[in-house]
Amino acid sequence: MKTQKSRLVIAAVVAAMTATAAAAAAEGPAAPAGGHGLSAFIGGYDANRDGVVTREEYDAVRKQRFAAADTNRDGWLSEDEYVAEFEGRLKQQYAGRAQDDSYAGSIKQAHVRFNILDTDHDGKLTVEEENAIADKTFKRTDTNGDGKVDKTDGEKS
């Protein structure tokens, strides 16, 4: 019974996240669920779609995603909330395609990521924990150190 209730809650969260992501996509950046690299980063955070991600855009998109994922509004993300938000974006990428081994692997990896991001391992991803990795990610992606991320960050000097 508890498992069935958990599945229903997760299904509701995924449905809500998909609707939220669809609404945000109409006015914000495309939100790729995964992918590593410059184009995935720009596609996921370039709110005004000018090909440049400023730190302000990056932080605003992250804040919106965190708030949308925090479905019970307790100020932190459980592993279920974190994975459901990711899965909502992943389902958008898979629209019209069958879920395959790559899909399942991406979901598994989301669980692994949660446990890495939850640095104190209390089962709660706080804004502070998320901000710590986000700062490192932005700085690592902004390879030329100009305070923004664009296609020039992928060019070799």
query = Extension gain Glu128-Tyr94, at 0.36 nm per residue separation less the Cα-Cα distance, in nm?
reply = 9.1 nm
ask   = In nm, to one decimal, how far is the Ile107 label point from the Asp135 one, both placed 7 Å along Cα→Cβ?
value = 3.5
remark   = Between the modelled labels at Asp120 and Asn48 (7 Å from Cα along Cα→Cβ) the distance in nm is 3.7
key: Cα centroid separation, segment 121-138 to segment 37-88 (Å)   = 12
Of Lys63/Lys108; Lys63/Lys139; Lys108/Lys151; Lys124/Lys148; Lys108/Lys148; Lys108/Lys136, those spanning more than 26 Å from alpha-carbon to alpha-carbon = Lys108/Lys151; Lys124/Lys148; Lys108/Lys148
query = Kirkwood-based Rg over Rh for segment 84-123 (C-alpha set), two decimals?
reply = 1.08
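Here, each number is a calculation from the coordinates, and none is a lab measurement. Remember, it's a predicted structure, so these values are computed and weren't measured experimentally. A quick note on method: Cβ atoms are made from the backbone with ideal geometry, for glycine too, and the neighbour counts reach across all protein chains shown.
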